[in-house]
Amino acid sequence: MKPTLAFLVLVFTTIAYCQDAFVFNENGITPGHIIFKVDSAPKAALYAKTLLWIKNTDAVVDVYAENDFIQLTGTTTNSINEGKRYFHMKYVIKISFENETYKFELLEIQLKANSKYDMGWMDFNLKDGSPFFKKGKVIKKLRSYVIDIPKILNELNTNLYNYLIAEED
């Protein structure tokens, strides 16, 4: 019985510390970055394919260092539903490259209400999710933030990963 318990503790500890997806909890959006391995992919190839992937999205390259990193900004419309209000989301991502790996790092999120009055973009605190929780549970009317923000980021990263591992035609 004791070896089984030790094994379960080891498995759950490993899962908790080897996170490969963004989550939104009381500590904000975690982890700050995710590293993925792409077998047999040199740094230059990852960089070049990522640039091609960006051209197929609505994102814009802000800053880059050839074969080292790309910083991009993208937006999604009506991403978050808070009651009867919808919010657009703008994200800034930095993708850096090593041989056979890339790091997908979230730098910034801004939100803007979908309204006939332009209220401008508002910064979103990535490090503090406590306003969205009460006694450890998600506040019902704010649930969309907690679910949809990491969902968008994870879909973006999954799309990039799938593009990078896809075979050339």
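Some points to look at:
- Using the Cβ-Cβ distance between Asp58 and Ala166 with R0 set to 22 Å, the FRET efficiency works out to roughly 0.65.
- Label-to-label distance, nm, for residues given as Asp68 and Ala21 (7 Å Cα→Cβ offset): 3.4
- Average Cα contact separation per residue, segment 108-169, under 8 Å, 6 or more apart, as relative contact order %: 18
- Simple Cβ-charge dipole of segment 2-165, Lys/Arg +1 and Asp/Glu -1, about Cα centre, in debye nearest 20: 900
- Site pair Phe133 and Ser40 shows an inter-label distance of 4.3 nm when each label is modelled 7 Å from Cα along Cα→Cβ.
- Counting Cα-Cα pairs of segment 49-162 in 10 Å increments starting at 0 gives whole-percent bin shares of 12, 42, 30, 14, 2.
- For the residues Asn157, Asn25, Asn99, a GNM of the chain with alpha-carbon springs under 10 Å puts the largest fluctuation on Asn99.
Laboratory data are not the source of any read-out in this text; all were calculated from the coordinates shown. None of the values given here were measured: they were computed from a predicted structure. Backbone-built Cβ (ideal geometry, glycine too); neighbour counts: all protein chains shown.
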